[in-house]
Amino acid sequence: MKRLSIVSSLALMLASNAAFAETQITWWHAMGGALGETVNQIATDFNNSQDEYTITPVFKGSYEETLTAGIAAFRAGEQPNIMQVFDAGAATVIGAKGATIPVQDLLTQNGVAFDINDYISGVRYFYADADGKMIGMPFNSSSPIMYFNVDALAASGVEAPKTWEEFETTTAPALIEAGYIPLAQSHSPWIFVENFMSRHNLPFATNDNGYTGSDTQILVNSDEMKMHWTNVKEWLDEGKYAWYGASWDDNQAPFEEGKVAIWMGSSGSFGGLMQKDLPFEFSATYLPYWEEITTEPTQTFIGGASLFAMAGKSDEENAATAAFFEFLTSPEVQYMWHRETGYVPITTAAYELAKEDGHYDRFPAAEVGIQQLSLASGENTKGYRMGFYPQIRDVMNREFGRILTDETSVEAAFETIETEANELLSRFAMTQN
Amino acid sequence: MKRAGFSDRWLPVLFLLPQLTIIVIFFYWPAAHAVRSSFFLQDPFGFGETFVGIKNYTMLLDSASYLRAAWFTVIFVTLVTFLSLAIALLLAVKADKVIRGAKTYRTLLMWVYAVAPPVAGVIGLVLFDQSWGPIKDFVAQFGWDFRLGVNYFDTAFTLVVMSVWKQLPVNFIFFLSGLQSIPRSVREAALIDNRSAAGRFWDVTFPLLAPTGFFLLIINITYALFDTFGIFDTTFKGEPGNNPMTLVYKVYLDGFRGNDLGGSSAQSVILMVLVLALTIFQFRMVERRIHYT
């Protein structure tokens, strides 16, 4: 008996030694709740799939908090190996050359095959530099899509609108007639500005939407943008649109309660909506477009966040990071992530796997995000690159709130947004010297 | 008489050293750093920076949103300070007269003190929520379409109410102990001179409470300026939007959310100057006008 315990403790010691020999890497992320559990699952699966490396995921709060924590840690030389950075923070981290190792270089240096064409087109270049080299690894990629209450639309005798003209003249009046609030949306800058530009193939900023220079000017104060927002305000006054403040959840809740018939949110909201077991059937489709602007609507681009490999780490740790990225982008892991969360699979292979498995036969709405990201592309559909963009979004949110509460006019609001955004952009350009 | 003193002139310095070290490391060094940063525009990761002189400051003075926040801060601080002092004084005067169950009554008035500001914010969200808040339902009966997070005034209203509620117990405790330290003989003498309770309060009790009141005034102004941050942060649910905000919240937004180190340092320096002015005012007033007996 005694001998047995000695043997087993020896075995334990050996095992723990083996564990120490593994290369440890850390991953800071902003995925809370159910998303965080899936992140932990991916990390556990990776650790169990091989015995050279161990990854530890750490939840650091919101996107903004994670970025700030990562920056502070970098300045103190304590940065994690992998940091998750959201779309609006991309310019900050990509602008700081030397803070990260471009993911494309990391993978090829560590012998991992990399071909940017393996990634679906709406995902490919958002986190790339001007030459098309991928800097950040797209991770939780989503796109704004239009969810609708199938029962509400059936009761009103209308279909999900394809264009804003159709919404205005046909869909909204019928829904009001049937006792519903026709429309809500959860993120004005993302849905009604950034992806509005992409959907209509309109330029969002100079310098090829900010990708090819730092002296960028925003092009938000355009006739198309003001036309859209003038209509949005009219819809609000006519009861065709309801606004519940800048918070995401406050705008989603009335849709879940069945009061609002059409809600625009993220393709990544799909998993959460499925889990909630709503008292009505829901589905989703593409964002509408204005026929008066274009008759050939284009794709949207990704939102969400990507993973950056931080610089200043040893070769062994970088090898571990590369191995993890390889694991993460494998079709099986991507499909699992897509299935559990609703975020889009980032590679064509993962998309094919989901199709083969019959995922979209079971949940047709789960495919809308990736389909919309794969629509025809244009010169303005790969994304944007602007510094201090989180503040520019805050400025937009503030001015949109003021439009919708009658504190300012559409004309004045867009002038303010243009002035303040350009001021922020020129300030950001000065931080890059 | 022999004065007690140190024989070695370095000994007192040695004793003071730990305290001085802490002050220098945690207060002066960061403050100096902030002043320096406020004249630069800096890459958040620390790779590059440009000297811009006083541009970070002039930008603030030109910025409509900063002036809007400054104006809101003035109104907010005035309202919160006045209301929390006035209500607490009223409660303390009334509690001072309670004879039966005095302790229970006072404890009930004080327990809110244990609530942290972010929690107060969450309680405010629950009470005032735009879709299911009970207070929203209540005021709807009077035709007030209350919409927290949508309407600027309604949001400001909620922030003021929650900030006042959170601060009441502190003021209450101080006022009550202030009242209880007024000598019995003075009160009895006043009772003979003046039959009106209100008259006695304004002529005798209120002036005797002045030291406490002045101290609380300073405490409340700094509370409303700085410590209400948690209430704002939880009420906004991560999206400031067009909601009213104080200058301290703006420092956080630009510095921590936006990574604009130069701009937010300039804002911090402005706040430092404000606090400095407040402190100087406090000491001057203490020396000249207010007599602590």
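The values are calculated or read from the model by the stated rules, or taken from the named source; none is laboratory data. Note that the structure is a prediction, hence the values are computed from the model and not measured. Neighbour counts run over all protein chains shown; Cβ positions are idealised from the backbone, glycine included. These area figures cover heavy atoms from the full protein model, side chains too; ligands, DNA and RNA do not enter into them. Shrake-Rupley method; radii C 1.70, N 1.55, O 1.52, S 1.80 Å.
Report summary: the helix-based calculation at 222 nm, which adds -39500 (n - 2.57) for every DSSP H run with n ≥ 4 and divides by the residues of chain B, gives -21000 deg cm²/dmol. Applying Stokes-Einstein at 10 °C and 1.306 mPa s to the Kirkwood radius of chain A, computed over alpha-carbon pairs, gives a translational diffusion coefficient of 69 µm² s⁻¹.
Restricting things to Cα coordinates, could you compute the convex hull volume per residue of the stretch B:55-288 in Å³?
Enclosed volume per residue, from the Cα hull, is 159 Å³.
A:L278 sits with roughly 30 Å² accessible to a 1.4 Å probe, with DNA, RNA and ligands left out of the calculation. Report the longest stretch of chain A that contains none of the GluC sites (Glu not before Pro) sitting in a DSSP loop with at most 16 other Cβ atoms within 10 Å. Counting at most 16 other Cβ atoms within 10 Å as exposed, the longest clean stretch of chain A is A:160-256.
Under the rule that an exposed site lies in a DSSP loop and has at most 10 other Cβ atoms within 10 Å, name the longest stretch of chain B with no chymotrypsin sites (Phe, Trp or Tyr not before Pro) of that kind, not counting the sites themselves. Between exposed loop sites, the widest span is B:143-291. Here is the size of the protein assembly as shown from its Cα atoms: Rg then Dmax, 30.0, 102 Å. For the stretch A:360-414, applying the loop criterion from DSSP together with a ceiling of 11 other beta carbons within 10 Å to the trypsin sites (Lys or Arg not before Pro) yields no site. Would you mind classifying the stretch A:380-433 by shape? Square roots of the alpha carbon gyration tensor eigenvalues, ordered a ≥ b ≥ c; an a/c under 1.5 is rounded, otherwise it is prolate if a/b is larger than b/c and oblate if not. Prolate. Residues whose amide H falls under 5 Å from that of A:I55, counting only those 5 or more places apart or on a different chain, are A:I25, A:N47, with hydrogens built in the peptide plane. In chain B, the sites counted are trypsin sites (Lys or Arg not before Pro) in DSSP loop states with at most 11 other Cβ atoms within 10 Å, and the longest stretch holding none of them, exclusive of the sites, is B:101-194. Measuring only protein heavy atoms, the 1.4 Å probe finds A:D237 accessible over about 110 Å².
Applying a threshold of 28 Å to the alpha-carbon distances of A:K60/A:K259; A:K162/B:K136; A:K162/A:K240; A:K60/A:K355; B:K103/B:K237; A:K97/A:K382 flags A:K60/A:K259; A:K162/B:K136; A:K60/A:K355; B:K103/B:K237 as lying beyond it.
Comparing A:A305, A:A155, A:A350 in a Gaussian network model of chain A (Cα springs below 10 Å), the most mobile by mean-square fluctuation is A:A155. In degrees, nearest 10, range 0 to 90: what is the angle between the Cα axis of helix A:63-75 and the longest Cα principal axis of chain A? The two axes meet at around 40 degrees. Cα gyration tensor of the stretch B:55-183, axes a ≥ b ≥ c as square roots of the eigenvalues: rounded (a/c below 1.5), prolate (a/b > b/c) or oblate? It is oblate, given that a/c is not under 1.5 and a/b is not larger than b/c. Applying the Karplus relation 6.51 cos²θ - 1.76 cosθ + 1.60 with θ = phi - 60° to the stretch A:126-133 yields 3J(HN,Hα) values of 4, 9, 9, 8, 4, 8, x, 7 Hz, where x marks Gly and Pro. Contact order, relative form, for chain B: 28 percent (alpha carbon pairs under 8 Å, 6 or more residues apart, mean separation divided by residue count).
Per-residue mean of foreign Cβ neighbours for A:242-251 is 6 (Cβ atoms of other chains, 10 Å radius). Remark: mean inter-chain Cβ contacts per residue of A:400-408 equal 3, using a 10 Å Cβ-Cβ cutoff to other protein chain atoms. To test your reading of the geometry: what angle, between 0 and 90 degrees and rounded to tens, separates the Cα axis of helix A:315-328 from the longest principal axis of chain A? So the helix axis and the longest Cα principal axis differ by about 50 degrees. Specify which residue in the list B:T212, B:L91, A:T44 is farthest towards the positive end of the charge dipole of the protein assembly as shown, using unit charges on the beta carbon of Lys, Arg (+1) and Asp, Glu (-1), about the Cα centre. The listed residue farthest towards the positive side: B:T212.
Relative to the longest principal axis of the Cα atoms of chain A, helix A:410-431 runs at roughly 30 degrees. Mean residue ellipticity, 222 nm, helices only, chain A: the sum of -39500 (n - 2.57) across DSSP H runs of n ≥ 4, divided by residue count and rounded to 500, is -13500 deg cm²/dmol. Residues whose amide H lies under 5 Å from that of A:T163, counting only those 5 or more places away or on a different chain, are A:Y289; hydrogens are built 1.01 Å from N in the peptide plane. Using the Karplus relation 6.51 cos²θ - 1.76 cosθ + 1.60 with θ = phi - 60°, the per-residue 3J(HN,Hα) values for the stretch A:101-118 come to 9, x, 4, 5, 5, 4, 5, 5, 4, 9, x, 9, 4, 9, 9, 4, 6, 6 Hz, with x marking Gly and Pro. Give the shape of the stretch A:93-140 as rounded, prolate or oblate, defined through the alpha-carbon gyration tensor: a ≥ b ≥ c are the square roots of its eigenvalues, a/c under 1.5 means rounded, and otherwise the shape is prolate if a/b is larger than b/c and oblate if not. Cα axes put the stretch A:93-140 in the oblate bin.
Using a probe of 1.4 Å on the protein chains alone, the accessible area found for B:F206 is around 90 Å². Other protein chain C-beta atoms within 10 Å of residue C-beta, averaged over B:38-51: 6.
Rounded to the nearest whole Hz, the Karplus-based 3J(HN,Hα) values (6.51 cos²θ - 1.76 cosθ + 1.60, θ = phi - 60°) of the stretch B:14-26 follow the sequence 4, 5, 7, 3, x, 4, 4, 4, 4, 4, 5, 5, 9, with x at glycine and proline.
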